[in-house]
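Just below is one structure, and these are the notes that go with it.
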Amino acid sequence: MKKLKDKVALVTGGSRGIGAAIVKRLAAEGAKVVFTYANSLEKASAVVTEIEAAGGVAVALKASSAVPAEVTAAVDKTIADFGKVDILINNAGIYVGKAFTEHTLEDYNEIMAVNVQAVFVAALASVKGMPEGGRIITIGSNMGDNAVGPETTLYTMSKSALQGFTRGLARDLGARKITVNLIQPGPIDTDMNPANAPLADFLRTRLALPDYGAVEDIAAFVNFIASDESKYITGSFLTIDGGLNA
Ligand code: NDP
């Protein structure tokens, strides 16, 4: 039997990259999956078409994680259409990498809005009606533990904040048997971090395994955490980074 049959999942940022792989994997396991995107209508539609062709259920919603009201509306629409959110995956994220002296307050506000504030807003809207056995899974980064190199201050700060969120919320929701966990990817080949970009050669020198990971490497573990088999794992951080932080 499919592991996520009868579950409803909401994934932020599911049109491309890691989020799209998570959406496809959860749908293949039987979940009804709603996902958001900011701009990529065509890519989002292609994800829906692929899932429907395989007999699954997926819905794409345009909702920017930078705008709290849009995040809340996406959660509310999921509940209106499917009755609940069992599994919230906070995946949408942006990267700002530049010398610290070139950073602006706008950079700070933008990255914190998408990478941190939206995670809080989506969780707040989702947990009120989340059933027992619910899951809140956030995609952080290995950089939450290790800044790796210069010019990453804001991104590293945003991903470290997710650790405190995960610890605190795990304790708030444990009595309801809802688990809260943080997945921390390392270099995964996506538009955000292409395996053929100049930065990639530097990152490869830091890896234990010889190359970048694939989006499916992250989706596979998210699928496990989303399932009932992970029910005693909460407040945990799992770093999937080819040994970069080893
Ligand atoms: P991509 O840039 O390849 O894809 C980002 C996805 O998030 C897209 O679907 C995009 O939608 C969506 N998104 C971006 N901004 C917003 C927004 N404001 N509102 C709603 N959706 C948005 O990123 P990755 O797949 O590489 O990254 C996914 C997550 O994994 C991020 O949190 C990232 O920080 C984290 N991560 C990635 C690593 C990597 O090496 N790739 C390593 C460690 C962590 P649209 O297509 O519409 O723009």
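What follows draws every value from the coordinates through simple rules; no lab data is involved. Keep in mind that what you see is a predicted model, and the values were worked out from it rather than measured. For neighbour counting, all protein chains shown are included, and Cβ atoms are generated from backbone atoms with ideal geometry for every residue, glycine included.
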Check your understanding: Which percent of Cα-Cα pairs in region 74-196 sits in each 5 Å bin, short to long?
Key -> 2, 11, 20, 21, 17, 13, 9, 5, 2, 0
Exercise for review: Could you calculate, for the chain, the ratio of the Cα radius of gyration to the Kirkwood radius, expressed as Rg to Rh?
Suggested key: 0.95
Point to revise | Relative contact order of the chain, pairs being alpha-carbon contacts under 8 Å that are 6 or more residues apart, as % | key: 19
Check your understanding: Taking Lys2 as the anchor, which aspartates and glutamates have their alpha carbon closer than 13 Å to its alpha carbon, excluding any fewer than eight residues away along the same chain?
Key -> Glu29, Asp228, Glu229
Review point. With axes computed from alpha carbons, what is the tilt in degrees of helix 41-53 against the longest principal axis of the chain, rounded to the nearest 10 within 0 to 90?
Key: 50
Review point. Karplus couplings for region 193-208 from phi (6.51 cos²θ - 1.76 cosθ + 1.60, θ = phi - 60°), rounded to Hz, Gly and Pro as x?
Key: 9, x, 5, 10, 7, x, 4, 4, 5, 5, 4, 4, 5, 9, 7, 7
Review point. What list of ³J(HN,Hα) couplings, whole Hz, do you get for region 2-18 from phi and the Karplus terms 6.51, -1.76, 1.60, once you set θ to phi - 60° and write x for glycine and proline?
Key: 5, 5, 10, 4, 6, 8, 10, 10, 10, 10, 7, x, x, 7, 9, x, 4
**Study point:** Under 5 Å, built H, 5+ apart or other chain: amide partners of Val59
**Key:** Val33, Val34, Phe35
Revision key, fill the gap. Pairs over 26 Å Cα to Cα, from Lys5/Lys77; Lys32/Lys159; Lys84/Lys159; Lys32/Lys177; Lys24/Lys77, come to Lys32/Lys159; Lys84/Lys159
Check your understanding: Given the options Val59, Val75, Val85, which has the most mean-square fluctuation in a GNM of the chain, springs set between C-alpha atoms less than 10 angstrom apart?
Key -> Val59
Practice item. With springs only between Cα atoms under 10 Å apart, run a GNM on the chain and tell me which of Asp81, Asp228, Asp172 wobbles the most. Key: Asp81
Exercise for review: Please list the non-local residues whose amide H lies under 5 Å from the amide H of Leu238, H modeled 1.01 Å from N, same-chain partners needing a gap of 5 or more.
Suggested key: Leu182, Ile183, Gln184
Exercise for review: In a Gaussian network model over the chain where Cα atoms closer than 10 Å are linked, find which of Leu105, Leu199, Leu41 has the largest mean-square fluctuation.
Suggested key: Leu105
Review point. Do any trypsin sites (Lys or Arg not before Pro) in region 97-143 lie in a DSSP loop with no more than 11 other beta carbon atoms within 10 Å, and if so, which?
Key: Lys128
